[in-house]
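Q: There's a structure below that I have some questions on.
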Amino acid sequence: MDYQWYPGHMTKARRMMQENIALIDLLIELTDARAPQSGRNPDIDSLANGKSRIIVLNKADLADSEATDQWRSHFENEGILTAAVDSRKGSGVRQLKPLIDKACQEKIERNRRRGIVNRPVRAMIAGIPNVGKSTFINSFAGKAVAKTGDKPGVTKGKQWIRLNKNVELLDTPGILWPKFDDQIIGMRLAILGSIRDEITDEGELAVWLIRYLMKEYPAALEERYGFELDPANEVYDTGDAAAMPGEDGGRALDILEKIAVRRGCLKAGGQADLAKASKLLIDDYRSGRLGRITLEKP
Ligand code: G4P
């Protein structure tokens, strides 16, 4: 996921998407269940104009299941079918096939009325880097599935995976670029590991994460790091991501320092090593050791 989205990359990704979208009937958009809106592509609605749509909330095993339900209702209210899956373990993946049939029903009917039979509905998977597209395709379509173009004598080009008698899936996913010119979106994507760590300072990410956790999931911090927070004294409002270290009276930094001490992140002189503690906290979040936590609510 060595993606840095220079304008050139975006132009290329957009061109590829436009080319592929022209070939398909159904777009299956993968997003991270922990930040379903921030992890979407800003231009997806115009790119996918006129296509059937499904949004898959991937990595649902790491997200707050209540928030995932809220997000699904949110997208379904916009008329888009949804699924929540854990592609790594494969749970939830089986609901996709009936969902695809449902999404494509109209198309299949229309073909039938026109006397077009044996013309499968074509679908593709798309999402920003690291959202789990390859893992999902493997889990969903399986490695053993024969690829329609994968036979001797068939010229190279687009390869399609036959899912059933009605549906074919493009075997390479579409890569979408995220929108991270908005600071809060960038912060969420960096915490998820969707954009490179070098772009954002880990200390800054850790402080933002602490502020968010204090507000939404205080017990997660207490349980993981074994200290008690005083809710009356430690109220954080992360609505304003621009409020960085110091602007909360240093309270998030105090907590980071507590984490450092608790977890033995110390410098040679015994001082708290905040950089190390930041890395540890972000790692704990990404791996799910802090619990199932969603970074934005609808
Ligand atoms: P991409 O094609 O969209 O770029 O993403 P890819 O499938 O490579 O997945 C990126 C990372 O996300 C991988 O972890 C993958 O295992 C993990 N992942 C994908 N789907 C899920 C999911 O539903 N739940 C969880 N918990 N993780 C998921 P990695 O650390 O980069 O690799 P590895 O540890 O699996 O080798």
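Q: Between Glu78 and Lys158, what is the spin-label point distance in nm, taking each point 7 Å from the Cα along the Cα→C-beta axis?
A: Label-label distance for Glu78 and Lys158, simple model: 2.4 nm.
Q: List the pair-distance distribution P(r) of region 1-70, using every Cα-Cα distance, as the percent of pairs falling in each 5 Å bin from 0 up to the bin containing the longest distance, rounded to whole percents.
A: 3, 14, 21, 21, 19, 13, 7, 1
Q: Still on this structure: How much accessible area per residue does region 8-171 have, in Å², with a 1.4 Å probe?
A: Details: 8250 Å² over 164 residues.
Heavy-atom SASA per residue in region 8-171 reads 50 Å².
Q: Next up: Taking region 64-149, how much of its Cα-Cα pair set, in percent, is spaced more than 23 angstrom apart?
A: Details: 1263 of 3655 pairs.
Distances greater than 23 Å cover 35 percent of the Cα pairs.
Q: Only Lys, Arg, Asp and Glu count, each charged at its Cβ (+1, +1, -1, -1), so figure out the dipole size of region 8-171 about its Cα centre, rounded to 20 debye. Please list the in-between numbers first.
A: On the way: 29 positive and 19 negative charges, 195 e Å.
Dipole magnitude for region 8-171 comes out near 940 debye.
Q: Sort 261-274, 165-178, 93-106 for me by packing, meaning the mean count of neighbouring Cβ atoms within 10 Å per residue, highest on top. Don't skip to the end; give the middle numbers.
A: Details: 261-274: 13.8, 165-178: 20.5, 93-106: 16.5.
Top of the packing list down: 165-178, 93-106, 261-274.
Q: Under 1.5 on a/c is rounded, so check that first for region 8-171, then, if it is not, pick prolate when a/b is larger than b/c and oblate when it is not; a ≥ b ≥ c are the square roots of the alpha carbon gyration tensor eigenvalues. Before the final figure, lay out each step's value.
A: On the way: a/c = 1.44, a/b = 1.37, b/c = 1.05.
Rounded.
Q: Right, something else. Tell me the carbon and sulfur percent of the accessible area for region 1-71, rounded to whole percent, probe radius 1.4 Å.
A: On the way: 1470 of 3070 Å².
That fraction is 48 percent.
The values are calculated or read from the model by the stated rules, or taken from the named source; none is laboratory data. These numbers were taken from a predicted model, which means no experiment stands behind them. Reconstructed Cβ throughout: ideal geometry from the backbone, glycine too, with neighbour counts over all protein chains shown. Note: areas computed on protein heavy atoms with side chains; ligands, DNA, RNA excluded. Shrake-Rupley method; radii C 1.70, N 1.55, O 1.52, S 1.80 Å.
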